[in-house]
Structure formats: C-alpha cells, structure tokens
Amino acid sequence: MRMKRAGLFRLWPALLLGAVIAALLACGTETVIQTVVVEKPVAQTVVVEKPVEKIVEKTVVVEKQVEKQVEKIVQQTVVVQQTVVALATATAAPVPTATTVVPPPAGEIVLVNGTINVGIGTPRFCTAGCAENVYQTSVMETLFRPNYKDTLGEKEEEPILATGWKLDPNLKYLDFTLRKGIQFHKGWGEMTAADVAFSINDANSVTTPTSIHGQAGDFAPLIKEMLVQDPYNIRLVYLNYDSRGIRHRFSLFWQTAGITSKRLFEEKGADGMRPFIIGTGPYQVVSWVQSDKVVLEALPRHWRKTAGVAKVTYIQVVEPATRRAMLETGQVAAIPPALKDIKALEAKGYKQLCCSGSVVQRNIGMTGNYWEKERYYDKKPLTRTLNLSAPWVSKSIEDDPAGYLKAQTVRQALAHAIDRQGMVASIMTGLGGPNYFAYQPATDHPAFKKGKYVWDEKTGKGSGGWEIPYDPKRAKELLAKAGYPNGFTIPSVWIDVPGSVANELGQALANGWAQDLNVKITTLNSNIYSTYRPGLVARTTSEPFLSCGDDSNLGVPFDWARGLVMSSWSDGGYGVGMEVPFAAKNYAQVALMTDKAQRVAAQVEFVQTSMDAALCIGMVMEPNIQLYDPKVIAVWEQLPSIEGGMAIMNNLESIVLVKK
C-alpha cells in the first residue's frame, strides 16, 4: 500500500478556495464597506450568527485589490483588522467589542491522552512536551496559527497575537506588529512586545544558555534575540535566516513558544514562576499534574473566541484497550485510538477528528555518529566521544574510510531486514504504508523515486528507486561482509511507552532482526521520553531510538529545509543522536533558497545521500488519528498541526456540544 499525502484516512479533505463579495447593512441606512489592497490576495473572514447592528471596518492600502469573504453574521460590533503578509505591514485595530451578551461557556468534557507531560510556566524550564502543550491546550497563544483544514499551507497563517510582519530584504531581521489590548489571565496585565521578547528570549539557548525549553536548540541557530521596538512592535534579529518562515517557527502548526507574562517573571523569578502557567488563550489552568490530568476552565469572555465548553479535562490513559472502553461507555468524549480499533469504532458511529494533516514517518535513528568537528554556522569547536564498540557507529569517512564503510554496511543490512509491508498489515491494520527514510516525500509525490533501491557495498552508493526491499538473504550477506556473520547484540533501543504504535513497532523490529540476522536487542526501553531525551541534547547517546526528528512527518512540506536536527546546527538543544556534515550543509543551503523548485531539487539529493548513509532508517507511515463521540460533540475544528502534543486535540474553543 502506498501512502497518499492528501486524501488518505480522511485527514486531508479537499480545500475550498475562493472569496465572495459581501456588503453588510448597518442600522438605519448606514453602509460601511471595506476596501483592502494587499501585496498578496488575502481573504478576511468574519464569523457571526445574526443580522448585525453596526459594522466598523478598517481600510488598509497596499498593492492589489481583493475581495472580502463573509460566512455568517453575528449581532456585534466588529472592527476588522487586516493582516498584511510578505513585505507589507498592517496597523493593529482595537479588539472586537460585542454589543450583545455572548452566552457563557457551559458543560464539560473529558479527553484522553496517552501521556500527560509536565506543565511549567517558566519558558526556560518548559521542556519538550511542555513547550508545545501549553498552546495546544488553548491556554497560551502563539503569534500565528494555521487556518482550519489548510493542511498543505496554501493560505497565509491566521494572525493571533501578531497582526502582521515585515521581512528585511537583506534577510537580517523580521519585524512583527502586535495586537493591542490583549490581557493575560488572572490579572497579569496587557500583553506587549516586552512579553513576546521575554517568552522567546527566555526559551532560546542563545539568550538564556541554561534553557531546556523544547525549542531551546531550534531557536538558537535562527534567532540572535528578540528586540522590543515599542509596546506593539518587536524585531527578530536573525542569526541565520530560514526560508520555512512563519508557519514553521511562529505558528501552532509546528513547534514555537507560547507567550506568557514578563511581569510574572519579574515578580516571581524563574523558579517562582514554575507553577504559574499564564497565557492569553480562551482557557486557563485549574490544575496540571504530570502523568495524571490537566483541568482547564474557559474564560467567561475572550478577545478572539469565547469557548463554548466551560470545563475541559485531559486525562492520561496509557492502555489503548482502556481508552476504547472509556469511549464506548461514555466516560470520555475523545481518544487517540489504537489503529486496530479504528474500523470497529467507526462502525459504531464514532468519528475522526478533522484535520491535523499529521502522518508520522516512523524510523529508527542509528545514534552515536557524531562526525562534525565544529558547529557549522559559527565554527565553535565540538568535542564528542564516539562509542566505536557499537557496530553501527564509526568515525567520519574522512577520518576512517574503511571503518565508515563497515558501519554503513551494518546499517544497510539492518535496513534490508525490515518487513515494512508486514508491519503495515499487522500493526497498522492496513493503514499507512511503508517508509524508507525519515524525510522522504509521500510515495505519490512527483519527487519520489519509485522502484527497488540497490546498494553497492563497494562504493557505498545506491541506485534505482527508493523502495528498500525486505531481503533477509541480502541482509545476511551484508552483515557477514561487515564482519558479523553470527550477528551481534544491541544493548538497548528506546521504543516509547507501552500502548504506543512505536512500542509495537519496536517489538516487531526486535523480533525480526533476531530471527533474520541474529541481531538481538537486550533491552527494549519503554520509559517515558523525557528520561531518554537528555542524552540526545548532550550528544552522549549511542542508544538507537524509534524516531529521527519530530518533522519526520508527511504534513511537513517536502521543500522545507532539512538536516538541522541531524547536524551541529542544533547543538545546544535537541538533536537525533548524530552530527552529519552533509545534513548540516543541506540545511544551510536550502534554508536560504527562495525558489521552491530549487529547494525540491536539493531535497531529492539529500534524500538519496541519506538513504545511502542509512542513519535514519524508515519503517512505516502512521496516520495520526483521533476519534470522538458525535453524541457528545457536535462541532470540533481541529487545526492543522504536526506537533503531536495533547494528541493534537487542539482548538478547544471551537468545540460545540450536542444540545440535550
């Protein structure tokens, strides 16, 4: 079965494009019409319910005329803020003020997650799993977010705390204009540029070297610092420009920093701020207990979208069978199901949440290969210790050509001893498809090379297509040529917690390698990820793990720059247990390319080189599916996101409960 990037599993329905012209009549005979002229066509949507009493709109002058799209009408005064994209800016408008009483949030629901990570209010201490969950839960907000159903990123990101941005033509800085009048929870004052600067600078390991924030190492090669220009304007000073832009690093779509209060930090200090998870979102935290539950309550009134549900509780349930039973008995409203349960639950009427666009590319990262001697972007010397007793680890090809080829041959043997189709049929129950490399495009993508992959152990190069065959005989031959005719032992492989798809795949992988190659894994590490991650950050681990970076996902555009976490670019933060010169070079070059076709061509070359190196060995594609009870939830507009925090159960404020 071949994985489709769009159209499979009902994750990516066709996008509706276009705009309509609408004129709205105010009380009496007054008619106010918006004229918007922008550099790129942008459609402004106002979502309302009843005939309006008055519409006050903003005229913004830039370059090209576009139309205004109106879907519904509500009885309120709406001051429209036009966001201008690319090299244009917009003047922030006042926050919308309703003229009628909005119904208060009511009711409550319980949602299931496989893991409830720690919640911490201080950015520098909010590590992976915390950093993303504080905004996936609608507690903190981000500068931008994706549009509903825009899984392919064909629209500009929706402005949230920012209203516009302007990129320096020389790619030295990026200016953001911020929205006025936004209040932090529990009386911590108005959000300004000082809060945005604090939230990102405190997370960034360049400006806060002790930071262990989930994006500490991701921000580091990108952002020199965030500088306040005035209360509502802020400047990002680049260390290195990245063409992936707003959707990549400043949107809920991917991994960013939620915005919190600088005043809170000044009054409480870094340690004192830990328990205060304060944001500007539609929900605020009642309690957050790691490995247990998160309880949220809706604000009575929110500047952007007042939530319909008064109380939302996320609970941790590790065992998939228990999750299913809780959904079927009405104890919870939504779950991340085991793949084997999806068809049966859908037959009973449960529905898939739409549309995250997330399809995880499951891989095994052959860690320990730290080959770079200095950090790519600033030539900082790197000191790494190689575990050369591990058969898959070697020195660089420049330092030891023979040793490099030997370890490469071992990795290729392991890659040829993975029964991908068998995993799809058994563990994935026919969903998803085979995966051959962490960052390959979907198999129906024009750039994907169809056909059998053929590797030459003499040259270390591959030819043909990218489809690595399951060939135990060939794998044994390669292992024997590498000097391991009787196999070897891998002390430990991290496979994620019990009940996860990765855990099942890890067990199947271990059984297959033991049977086909006599390669035995002593320990299948099923501990929580936060116990494994420090070795990746410190660049000390050679324990393989079932991942090769969070952006191993078909939801990521193929032309996005790759190689950051496989290289010294991410030094000081999260990496995938390797520092590879060709990956560092690829990221450096593609991040600066402004032409998409050029980026795609570079990525094709990167995939080929990576498949030959066999450092991030692909296994299967896993669709990221959530099921909900339509007898409880009438509407839930899940936003596109490849960040898997809180099982991608985001945009809680869009939930509408079924009327009883």
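If you go through region 470-493 one residue at a time, do you hit one that is under 28 Å from Leu564 (Cβ atoms), under 26 Å from the mean Cα position of the chain (by Cα) and modelled with pLDDT of 95 or more? Checked against the condition, which is being under 28 Å from Leu564 (Cβ atoms), under 26 Å from the mean Cα position of the chain (by Cα) and modelled with pLDDT of 95 or more, region 470-493 yields at least one hit.
Condition (residue is buried (at least 24 other Cβ atoms within 10 Å of the Cβ) and either without any contact (Cβ under 8 Å) to a residue 12 or more places away in the chain or of a type in the set (Phe, Trp, Tyr) (or both)) applied to region 561-569: is it met by at least one residue? Scanning region 561-569 turns up at least one residue that is buried (at least 24 other Cβ atoms within 10 Å of the Cβ) and either without any contact (Cβ under 8 Å) to a residue 12 or more places away in the chain or of a type in the set (Phe, Trp, Tyr) (or both). When you scan region 291-312, do you find a residue that is surrounded by 20 or more Cβ atoms within 10 Å (Cβ to Cβ), part of a helix (DSSP H, G or I) and over 22 Å from the mean Cα position of the chain (by Cα), even just one? Within region 291-312, none of the residues are surrounded by 20 or more Cβ atoms within 10 Å (Cβ to Cβ), part of a helix (DSSP H, G or I) and over 22 Å from the mean Cα position of the chain (by Cα). Filtered by the rule that a residue be in a strand (DSSP E or B) and either in contact with a Ser or Thr (Cβ under 9 Å, 6 or more places away or on another chain) or not charged (D, E, K, R) (or both), region 231-265 gives Asn233, Ile234, Leu236, Val237, Tyr238, Ser251.
Whether any residue in region 414-422 is in a loop (DSSP other than H, G, I, E, B), closer than 19 Å to Cys548 by Cβ, touching a helix residue (DSSP H, G or I) at 6+ places or on another chain (Cβ under 6 Å) and not charged (D, E, K, R) is what I want to check. Don't jump to the end; show me each part of the working.
So in region 414-422, the residues in a loop (DSSP other than H, G, I, E, B) come out as 416-419.
Going one step further and asking which of them are closer than 19 Å to Cys548 by Cβ, we end up with 416-418.
Next cut, touching a helix residue (DSSP H, G or I) at 6+ places or on another chain (Cβ under 6 Å) only: 416-417.
Of the ones still in play, those that are also not charged (D, E, K, R) are 416-417.
There is at least one residue in region 414-422 that is in a loop (DSSP other than H, G, I, E, B), closer than 19 Å to Cys548 by Cβ, touching a helix residue (DSSP H, G or I) at 6+ places or on another chain (Cβ under 6 Å) and not charged (D, E, K, R).
Restricting attention to region 599-628, the residues that are more than 20 Å from the chain's Cα centre (by Cα), of a type outside the set (A, V, I, L, M, F, W, C) and open to solvent by 10 Å² or more (accessible area, probe 1.4 Å) add up to 6.
Within region 180-189, is even one residue of a type in the set (Phe, Trp, Tyr), out of contact with any Pro (no Cβ under 6 Å at 6 or more places or on another chain), surrounded by 18 or more Cβ atoms within 10 Å (Cβ to Cβ) and part of a loop (DSSP other than H, G, I, E, B)? Looking through region 180-189, at least one residue is of a type in the set (Phe, Trp, Tyr), out of contact with any Pro (no Cβ under 6 Å at 6 or more places or on another chain), surrounded by 18 or more Cβ atoms within 10 Å (Cβ to Cβ) and part of a loop (DSSP other than H, G, I, E, B). Name the single residue, out of those in region 499-536 being at pLDDT below 95 and among the β-branched types (Val, Ile, Thr), that is nearest to Glu477 (Cα to Cα). Top of the filtered list is Val501. Restricted to strands (runs of 3 or more DSSP E) entirely inside region 460-542, those with at least 1 residues that are open to solvent by 50 Å² or more (accessible area, probe 1.4 Å) and more than 15 Å from Met366 (Cα to Cα) are 461-464, 520-525. Among residues of region 335-356 being out of contact with any Lys or Arg (no Cβ under 9 Å at 6 or more places or on another chain) and free of Cβ contacts under 8 Å to residues at least 40 places away in the same chain, the one that is least open to solvent (accessible area, probe 1.4 Å) is Ala347. The residues on offer are Val556, Val607, and the sole one that is more than 20 Å from Glu374 (Cβ to Cβ), part of a loop (DSSP other than H, G, I, E, B) and in contact (Cβ under 8 Å) with a residue 40 or more places away in the chain is Val556. Close contacts from region 357-380, counting a first residue that is touching a residue at least 60 places away in the same chain (Cβ under 8 Å) and closer than 30 Å to Val424 by Cα and a second that is open to solvent by 10 Å² or more (accessible area, probe 1.4 Å) and among the acidic types (Asp, Glu), with Cβ to Cβ under 6 Å and a gap of 6+ residues or different chains, come to Val360/Glu622; Arg362/Glu622.
What do you reckon, is Thr367 closer than 20 Å to Ser547 by Cβ and in contact with a Ser or Thr (Cβ under 8 Å, 6 or more places away or on another chain)? Break it down into steps so the answer makes sense when it comes.
Working: closer than 20 Å to Ser547 by Cβ: yes; in contact with a Ser or Thr (Cβ under 8 Å, 6 or more places away or on another chain): yes.
Here the answer is yes, as Thr367 does meet what is asked.
Restricting attention to region 392-408, the residues being of a type in the set (Ser, Thr, Tyr) and open to solvent by less than 10 Å² (accessible area, probe 1.4 Å) number 2. Mind counting the residues in region 190-237 that are over 30 Å from His302 (Cβ atoms), open to solvent by less than 10 Å² (accessible area, probe 1.4 Å) and of a type outside the set (A, V, I, L, M, F, W, C)? Qualifying residue count, region 190-237: 2. Under the condition of being surrounded by 21 or more Cβ atoms within 10 Å (Cβ to Cβ) and more than 21 Å from Gly464 (Cβ to Cβ), which residue from region 412-443 is nearest to the chain's Cα centre (by Cα)? Checked region 412-443; the qualifying residue nearest to the chain's Cα centre (by Cα) is Gly432.
The values are calculated or read from the model by the stated rules, or taken from the named source; none is laboratory data. Just so you know, these numbers come straight off a predicted model, no measurement behind them. Here the Cβ is made from the backbone with ideal geometry for all residues, glycine too, and neighbour counts use every protein chain on show. Surface accessibility is based on the protein's heavy atoms, side chains included, excluding ligands, DNA and RNA. Shrake-Rupley method; radii C 1.70, N 1.55, O 1.52, S 1.80 Å.
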